[in-house]
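**Student:** Shown below is the structure under consideration.
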Amino acid sequence: MAASSDARYVLDDPAHENWLASLTDDLFAFYTPAAVDRAGGGFHWLDDDGHPRSVPKDLLITARMTYCYVLGHNQGRPGHAEIVEHGLSALRGMFADAEYGGWFADPAAPEGRKLTYLHTFVLLAAASARQVGFASDDLVQAARAAFAEHLYDAKAGLNVESWDRRWTESEDYRGMNANMHALEAFMAAYEATEDDDLALWATSIAQRMVAFAEPTWRVPEHFSADWEPLPEFNTDRRRDQFRPYGTTPGHSFEWARLLVQLRTLRGADWMLDAAEHLFVQAVLDGWDKAEGGLYYTVDGAGQPVVAERLHWPVTEAIGAAYYLYRVTGKPEYAEWYARFWAYLDSHFIDHERGGWFHERTAAGGPSRTVWIGKPDLYHALQATLYIKAQPQLPRLG
């Protein structure tokens, strides 16, 4: 699939900026107000038609949607400040464990595990809100304390995966997905607070990931409690939403973007070198040369495992290509950027009902093996806003 010459997909073409602005408008129109649960608190998970699904409230959805409306408010969108406050209220109230600290994944199941992955999004939402003027320092500090006291393992330089409600039993499993999002959240919190420990934690995570990935430039996803790789983990759960078997090219793109952003804050050239290697290997492994699109997962040799396409890896490939082009000026990144957008537009943007499909088959048809409906707009929205990013504020712009 050749890079598209359609001006809508070409970096620095006015048509591209106008098209992205229209996509941003359309995304917010799809989720507002349908996703905002005024009566029950938090945010709904939406189905394909934009209606709330009958599923329990989810910390992941509420924290990520709060962050997205911070981005909308930062653009000056009317009504978004109120929605941000709505989300922050849910994080302070229905999702917060007032007895033991931290946050419930599902308020209706308080004895469930406290997941690092979910706590990263609480920190991301609260820190981003603080950056643009919301009084969310209480949430920032509470989330930082959860990491300092329980989730971040200073000896390993990485985060554990989860604890029981009372913070007495840590899960034996360790994963890179939670650490990747912790890197994102720590950068946001560092930008919000200038707390140097947060930048040090972010840098440590990046260093450890690169050391694990460097032999093949594929990111090992699954580890034991002693940080020994577990390449066969979840071989019987290959389509798991958060811990799928194998390695995930979309995560390599996401790591590449985050490394370039971290380099903006910390100024180490090894971060850019690693980001370029991760990008190249993710394209080699993940891009289907015949049909286009990115495989969800591949094995240790780079062969496809789950061939269904998810929208979020394409959005992260767009982000990585954008940042690498801006930093290096290499034309191949701009070419991939256009190619990724062309594929995403033709396969994932729902031009009839609104929102973006979360999953498609290799042939472009509907698929629901990993995700159902249109849960939130976190990955999609960020893809439309990367061109707004400024060097001194690498996420919000």
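The values are calculated or read from the model by the stated rules, or taken from the named source; none is laboratory data. Computed from a predicted model, the values in this text were never measured in an experiment. Cβ sites come from the backbone with ideal geometry, for glycine too, and all protein chains shown count toward neighbours.
**Student:** Answer yes or no: is there a residue in region 365-376 that is polar (S, T, N, Q) and at pLDDT 95 or above.
**Tutor:** So far as region 365-376 goes, no, none of its residues is polar (S, T, N, Q) and at pLDDT 95 or above.
**Student:** Regarding Pro78, is this residue over 19 Å from Ser162 (Cα atoms), surrounded by fewer than 21 Cβ atoms within 10 Å (Cβ to Cβ) and more than 22 Å from the chain's Cα centre (by Cα)?
**Tutor:** yes
**Student:** Consider Lys57 against the criteria (1) under 24 Å from Trp167 (Cα atoms); (2) touching a Pro at 6+ places or on another chain (Cβ under 9 Å); (3) not in a loop (DSSP other than H, G, I, E, B): it satisfies all of them except one. Which criterion is unmet?
**Tutor:** (3)
**Student:** Within region 372-384, does at least one residue satisfy the condition of being closer than 30 Å to Pro33 by Cα, touching a residue at least 12 places away in the same chain (Cβ under 8 Å), of a type in the set (Val, Ile, Thr) and in contact with a Ser or Thr (Cβ under 7 Å, 6 or more places away or on another chain)? Full working, then the answer.
**Tutor:** Just the residues of region 372-384 that are closer than 30 Å to Pro33 by Cα, to begin with: 372-384.
Going one step further and asking which of them are touching a residue at least 12 places away in the same chain (Cβ under 8 Å), we end up with 372-384.
Checking the rest, the ones that are also of a type in the set (Val, Ile, Thr) come to 372, 384.
Narrowing further to those that are in contact with a Ser or Thr (Cβ under 7 Å, 6 or more places away or on another chain): 384.
Checked against the condition, which is being closer than 30 Å to Pro33 by Cα, touching a residue at least 12 places away in the same chain (Cβ under 8 Å), of a type in the set (Val, Ile, Thr) and in contact with a Ser or Thr (Cβ under 7 Å, 6 or more places away or on another chain), region 372-384 yields at least one hit.
**Student:** Is it fair to say Tyr337 is within 21 Å of the chain's Cα centre (by Cα) and within 17 Å of Arg239 (Cα to Cα)?
**Tutor:** no
**Student:** Same structure again: Mind listing just one residue for me: the one in region 347-380 that is among the charged types (D, E, K, R) and outside any loop (DSSP other than H, G, I, E, B) and, of those, surrounded by the most Cβ atoms within 10 Å (Cβ to Cβ)?
**Tutor:** Lys374
**Student:** Are any of the residues in region 118-132 touching a residue at least 24 places away in the same chain (Cβ under 8 Å) and in contact with a His (Cβ under 6 Å, 6 or more places away or on another chain)?
**Tutor:** Checked against the condition, which is being touching a residue at least 24 places away in the same chain (Cβ under 8 Å) and in contact with a His (Cβ under 6 Å, 6 or more places away or on another chain), region 118-132 yields at least one hit.
**Student:** Just to check your reading of the model, which residue among Gly112, Gly101 is in a loop (DSSP other than H, G, I, E, B) and either surrounded by fewer than 16 Cβ atoms within 10 Å (Cβ to Cβ) or hydrophobic (A, V, I, L, M, F, W, C) (or both)?
**Tutor:** On the way: Gly101 fails: either surrounded by fewer than 16 Cβ atoms within 10 Å (Cβ to Cβ) or hydrophobic (A, V, I, L, M, F, W, C) (or both).
Criteria check complete, one pass: Gly112.
**Student:** Same structure again: Name every residue in region 282-320 that is closer than 18 Å to Trp356 by Cβ and hydrophobic (A, V, I, L, M, F, W, C), in order of residue number.
**Tutor:** Hits for region 282-320 are Leu294, Leu310, Trp312, Val314, Ala317, Ile318.
**Student:** Within region 34-50, does at least one residue satisfy the condition of being closer than 23 Å to Thr116 by Cα and among the hydrophobic types (A, V, I, L, M, F, W, C)?
**Tutor:** Applying the first criterion (closer than 23 Å to Thr116 by Cα) to region 34-50 yields 41-45.
If we keep only those that are among the hydrophobic types (A, V, I, L, M, F, W, C) too, we end up with 43, 45.
Yes - at least one qualifying residue is present in region 34-50.
**Student:** Follow-up. Go through region 169-209 and give me each residue that's hydrophobic (A, V, I, L, M, F, W, C) and in contact with a His (Cβ under 9 Å, 6 or more places away or on another chain).
**Tutor:** Answer for region 169-209, where residues must be hydrophobic (A, V, I, L, M, F, W, C) and in contact with a His (Cβ under 9 Å, 6 or more places away or on another chain): Met176, Ala178, Met180, Ala182, Ala185.
**Student:** Mind listing whichever residues of region 1-50 are exposed (fewer than 15 other Cβ atoms within 10 Å of the Cβ), of a type in the set (A, V, I, L, M, F, W, C), touching a helix residue (DSSP H, G or I) at 6+ places or on another chain (Cβ under 9 Å) and at pLDDT 95 or above?
**Tutor:** Correct list: Ala7, Ala15.
**Student:** Might you let me know whether region 117-133 holds any residue that is assigned to a helix (DSSP H, G or I), of a type in the set (Phe, Trp, Tyr) and either surrounded by fewer than 24 Cβ atoms within 10 Å (Cβ to Cβ) or at positive phi (or both)? Give the derivation first.
**Tutor:** Initial filter on region 117-133 (assigned to a helix (DSSP H, G or I)): 117-131.
Subset that is of a type in the set (Phe, Trp, Tyr): 117, 121.
Now narrow it down to the ones that are either surrounded by fewer than 24 Cβ atoms within 10 Å (Cβ to Cβ) or at positive phi (or both): 117.
Yes, that holds for at least one residue.
**Student:** Among Thr235, Thr315, which is of a type in the set (Ser, Thr, Tyr), farther than 24 Å from Ala363 by Cβ and either without any contact (Cβ under 8 Å) to a residue 60 or more places away in the chain or assigned to a helix (DSSP H, G or I) (or both)?
**Tutor:** Going through Thr235, Thr315 in turn, just one is of a type in the set (Ser, Thr, Tyr), farther than 24 Å from Ala363 by Cβ and either without any contact (Cβ under 8 Å) to a residue 60 or more places away in the chain or assigned to a helix (DSSP H, G or I) (or both): Thr235.
**Student:** Among Ala320, Ala290, which is the only one that is among the hydrophobic types (A, V, I, L, M, F, W, C), at pLDDT below 95 and either surrounded by fewer than 18 Cβ atoms within 10 Å (Cβ to Cβ) or over 26 Å from Ile372 (Cβ atoms) (or both)?
**Tutor:** Every option except Ala290 fails the conditions.
**Student:** Looking at Leu278, Leu258, Leu272, Leu265 in this structure, which one is within 26 Å of Tyr337 (Cβ to Cβ), out of contact with any Gly (no Cβ under 8 Å at 6 or more places or on another chain), hydrophobic (A, V, I, L, M, F, W, C) and at pLDDT below 95?
**Tutor:** Of the residues listed, the single one that is within 26 Å of Tyr337 (Cβ to Cβ), out of contact with any Gly (no Cβ under 8 Å at 6 or more places or on another chain), hydrophobic (A, V, I, L, M, F, W, C) and at pLDDT below 95 is Leu265.
**Student:** Also: I'm checking my understanding of the structure. Among residues of region 74-103 that are in contact (Cβ under 8 Å) with a residue 60 or more places away in the chain and of a type outside the set (S, T, N, Q), which one is nearest to Ser128 (Cα to Cα)?
**Tutor:** Top of the filtered list is Gly102.
**Student:** Go through region 266-301 residue by residue and tally those that are farther than 16 Å from Phe253 by Cβ and either part of a loop (DSSP other than H, G, I, E, B) or touching a residue at least 60 places away in the same chain (Cβ under 8 Å) (or both).
**Tutor:** Number satisfying all stated conditions: 10.
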